[in-house]
Amino acid sequence: MGETLAAISSKDVRAQRKVDSLLEQEGVRRDGNLDYTCGLFDDNWRLVATGSCFGSTIRCLAVSSDRQGEGLLNQIVTHLMAVQAERGNTHLFLYTKPKSAKFFGGLGFYEIARVENSLVFMENRRRGFSDYCAALEKTCREGTSAAIVMNANPFTLGHLHLVERAAAENAAVHLFVLSEEAGPIPFDVRKRLVEAGIAHLPNVVCHDSGPYIISAATFPSYFLKDEDTVIRTHAALDLEVFGKIAPRLNIARRYVGEEKASHVTALYNE
């Protein structure tokens with residue numbers, strides 16, 4: 001039995017329906033953020049395996065239940081890694097269910113953090129996260145520090161108030177600006193505006209968030225059952241990762257802003 005591996009265009013309605021059907025059969029929902037999808041088709045052009053990318057992540061992987069154990073997922077992941085390499089993305093990330101983490105370990109992925117019974121966050125560099133933390137540690141200040149994570153799209157007076165309060169109440173503040181491009185203002189512009197806005201606060205250190213502080217766009221929703229579960233699991237994973245970063249910078253507090261009209265922010269802050 002032979003299979004054909006092919007890219008699936010976003011305009012190919014028939015093939016996209018096959019992707020949705022296979023994902024649904026395997027208990028996976030299509031993620032809202034995908035920029036490449038591929039599939040393995042059998043001799044009768046039935047879709048038997050699929051996978052997708054978004055940015056530097058691999059996501060929405062599924063194999064038909066009657067074809068599992070045949071190495072099809074390995075073919076899909078190997079193909080997606082090659083596509084990413086062609087795009088210049090050599091540092092890759094994926095989220096998987098805990099029961100699948102060992103399989104991806106065999107493909108060269110390493111665990112960063114996990115939310116028990118929900119998901120595991122992995123990357124394809126053995127020292128990726130530890131090197132990131134080591135670089136942050138070089139900016140550590142004396143005394144107890146605080147942290148703020150913000151998108152700053154744009155940097156507002158509300159953001160400034162939050163930073164000024166944290167700076168007044170702590171020896172140092174580590175301010176992480178989300179480096180993902182997920183809004184109308186490019187990251188380099190957002191960061192320059194933040195740095196200009198906090199220039200009068202000598203105890204505030206500004207950082208790129210890098211790939212480890214997880215945003216809504218990079219976080220997967222495709223194997224979690226409902227939106228509230230997605231938000232709560234996202235928050236739990238973010239705290240697992242941040243809990244590994246905080247000791248390296250003597251961070252004992254994390255300040256958050258309120259958006260009273262935002263259900264996502266309310267659940268996240270809770």
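The values are calculated or read from the model by the stated rules, or taken from the named source; none is laboratory data. Quick caveat: nothing in here was measured; it's all calculated off a predicted structure. Backbone-built Cβ (ideal geometry, glycine too); neighbour counts: all protein chains shown. Only protein heavy atoms, including side chains, enter the accessible area calculation; ligands, DNA and RNA are left aside. Shrake-Rupley method; radii C 1.70, N 1.55, O 1.52, S 1.80 Å.
Ala49 meets the conditions (1) without any contact (Cβ under 8 Å) to a residue 60 or more places away in the chain; (2) farther than 26 Å from Val230 by Cβ; (3) surrounded by 13 or more Cβ atoms within 10 Å (Cβ to Cβ); (4) not acidic (Asp, Glu) in every case but one. The failed one is (2).
Name the residue that is modelled with the lowest pLDDT, counting only residues in region 96-146 that are β-branched (Val, Ile, Thr) and within 19 Å of Ile213 (Cα to Cα). Full working, then the answer.
Step one: of region 96-146, the residues β-branched (Val, Ile, Thr) are 96, 112, 115, 120, 139, 144.
Remaining after also requiring within 19 Å of Ile213 (Cα to Cα): 96, 112, 115, 120, 139.
Working: Thr96: 85, Ile112: 95, Val115: 89, Val120: 90, Thr139: 95.
So the residue we want is Thr96.
With respect to the conditions (1) free of Cβ contacts under 8 Å to residues at least 12 places away in the same chain; (2) open to solvent by 60 Å² or more (accessible area, probe 1.4 Å), Arg29 lacks only one, and its number is (1). Restricting attention to region 226-257 and to residues that are crowded, with 17+ Cβ neighbours inside 10 Å and not in a helix (DSSP H, G or I), the residue that is farthest from the chain's Cα centre (by Cα) turns out to be Asn250.
Residue-level check: of (1) under 21 Å from His234 (Cα atoms); (2) touching a helix residue (DSSP H, G or I) at 6+ places or on another chain (Cβ under 9 Å), Cys140 misses just (1).
One line per residue, one yes/no per condition, for (1) open to solvent by less than 70 Å² (accessible area, probe 1.4 Å); (2) within 21 Å of Leu22 (Cα to Cα):
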{"site": "Cys60", "(1), (2)": "yes, yes"}
{"site": "Arg67", "(1), (2)": "yes, yes"}
{"site": "Glu70", "(1), (2)": "no, yes"}
{"site": "Asn74", "(1), (2)": "yes, yes"}
{"site": "Thr78", "(1), (2)": "no, yes"}
{"site": "Glu86", "(1), (2)": "no, no"}
{"site": "His91", "(1), (2)": "yes, no"}
{"site": "Thr96", "(1), (2)": "yes, yes"}
{"site": "Phe104", "(1), (2)": "yes, yes"}
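Identify, please: which residue in region 32-46 is in contact with a Gly (Cβ under 8 Å, 6 or more places away or on another chain) and exposed (fewer than 14 other Cβ atoms within 10 Å of the Cβ) and is, among those, farthest from Gln84 (Cα to Cα)? Per the stated criteria, the residue is Asp43.
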